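These notes are about the structure you will find just below.
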Amino acid sequence: MAANPLVRLRRLCLALPETTERLSHGEPTWFIRGQKTFVTYANHHHDDRLAFWCAAPPGSQQSMVASNPERFFVPPYVGHRGWLGVYLDVPVDWAEIAEVVEDAY
């Protein structure tokens, strides 16, 4: 696990154009043009895991969770809309995380 995955996740999200950060439901959340949510941090939200939830292209949630359930999951509340959960309390491939964040954007 990264020393502080929130710092790295924040850096990836804020590097994208017209992105802002504010708290939503008590967690750091990133928005496009201040309106559309694309990533939200999940610091032990409803479980004992550190993760983030993000928008995902159609069909990718199911395939990513099926291929690697130790790293990816269906998050509560937004999973039914195809959002992807990504654990950050496991060894993290930050290049892959960057791609997931860019896809969410």
Given (1) at pLDDT 95 or above; (2) open to solvent by less than 60 Å² (accessible area, probe 1.4 Å), index of the condition His45 fails: (1)
Total residues in the range 39-73, condition assigned to a strand (DSSP E or B) and under 17 Å from Glu96 (Cβ atoms): 8
Residue count for the range 74-105, restricted to those that are touching a strand residue (DSSP E or B) at 6+ places or on another chain (Cβ under 9 Å), in contact (Cβ under 8 Å) with a residue 60 or more places away in the chain and small (Gly, Ala, Ser): 1
Selected residue [touching a residue at least 24 places away in the same chain (Cβ under 8 Å), of a type in the set (Lys, Arg) and surrounded by 11 or more Cβ atoms within 10 Å (Cβ to Cβ)] from Arg8, Arg71: Arg8
Residues satisfying the stated conditions in the range 48-68, i.e. open to solvent by less than 50 Å² (accessible area, probe 1.4 Å) and hydrophobic (A, V, I, L, M, F, W, C): Leu50, Ala51, Phe52, Trp53, Cys54, Ala55, Ala56, Met64, Val65
Residue in the range 74-92 that is modelled with the lowest pLDDT, counting only those that are in a loop (DSSP other than H, G, I, E, B) and open to solvent by 70 Å² or more (accessible area, probe 1.4 Å): Tyr77
Selection count where residues are small (Gly, Ala, Ser) and farther than 25 Å from Val7 by Cα, scope the range 46-68: 5
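The values are calculated or read from the model by the stated rules, or taken from the named source; none is laboratory data. All values derive from a computational prediction rather than experimental measurement. When we count neighbours, we look across all protein chains shown, and the Cβ atoms used for this are built from the backbone with ideal geometry, even at glycine. In case anyone asks, the SASA skips ligands and DNA or RNA and just uses the protein heavy atoms, side chains included. Shrake-Rupley method; radii C 1.70, N 1.55, O 1.52, S 1.80 Å.
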